[in-house]
1. Answer with yes or no whether GLY77 is touching a strand residue (DSSP E or B) at 6+ places or on another chain (Cβ under 6 Å), in a helix (DSSP H, G or I) and under 20 Å from PHE139 (Cβ atoms).
2. Look through ASN10, ASN49 and report the one residue that is polar (S, T, N, Q) and closer than 17 Å to ILE124 by Cβ.
3. ILE2 passes all but one of (1) within 19 Å of LYS147 (Cβ to Cβ); (2) at pLDDT 95 or above; which number fails?
4. Give me the residue from region 12-29 that is closer than 18 Å to ALA96 by Cα and modelled with pLDDT of 95 or more and, out of that set, surrounded by the most Cβ atoms within 10 Å (Cβ to Cβ).
5. Looking at this structure, is ARG81 at pLDDT 95 or above and of a type in the set (D, E, K, R)?
6. Is one or more of the residues making up region 57-67 surrounded by fewer than 18 Cβ atoms within 10 Å (Cβ to Cβ) and either modelled with pLDDT of 95 or more or of a type in the set (S, T, N, Q) (or both)?
7. Tell me whether region 82-90 contains one or more residues that are over 19 Å from GLY46 (Cβ atoms) and part of a helix (DSSP H, G or I).
Amino acid sequence: MIEGPEKLINVIQGEYRISDDPACVLSTVLGSCAAVCLTDPEAKIGGMNHFLLPHRAGREGEDVRYGAYSMELLINGLLKRGARKNRMTAKLFGGAKMLTQLRDIGVSNVAFAREFLQSEGIPIASESTGGNAARRIRFWPTDGRVKQFIVPGEVERVAPPVVAPPPPSSGEITLF
């Protein structure tokens, strides 16, 4: 067990963090974004990313907000610090549908993460994805434990259009 206070590190959109400190807890809040938590339990190191979209539309680029680059940075960062890919396990979170009037970006984020991890040969040990509520994730990178908290709130709904009242039928005309 951890002795002393935990060191909470927030991972915001477009970031990733890696730690081998047993007192470290990585935390993030996800809506339609996705987060992948990777751990090498033998090396006692892990990391978390938080990405907004799977790929950058139109051109290749190095931007951590996009899953393709974020996943590469996370995996390569772990490998540089002694982790081995064949020992890594993943936990996947996020991908909620937060706004009913927009396309379901969360589904795309989750599908991308699953495909990427499969192509890298990294098994997904568990996941909590989809739905319509935000999640707060707390991840202990050295042993892979995760706690998830559902953030209460309503899905934003599209309001019905406002219909202007019909003009008066008295035949009067008002000029401005």
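The values are calculated or read from the model by the stated rules, or taken from the named source; none is laboratory data. The shown structure was predicted, so the numbers you read here are calculated from the model rather than taken from an experiment. Glycine gets a Cβ as well: all are built from the backbone with ideal geometry, and neighbour counts include every protein chain shown.
1. Yes.
2. ASN49
3. Failing condition for ILE2: (2).
4. THR28
5. Judged against the criteria, ARG81 is a match.
6. For region 57-67, residues surrounded by fewer than 18 Cβ atoms within 10 Å (Cβ to Cβ) and either modelled with pLDDT of 95 or more or of a type in the set (S, T, N, Q) (or both): absent.
7. no
Quick grid of which residues meet (1) assigned to a helix (DSSP H, G or I); (2) hydroxyl-bearing (Ser, Thr, Tyr); (3) at pLDDT 95 or above:
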position	(1), (2), (3)
GLU42	no, no, yes
LEU73	yes, no, no
ALA96	no, no, no
ARG103	no, no, no
SER108	yes, yes, no
GLN118	yes, no, yes
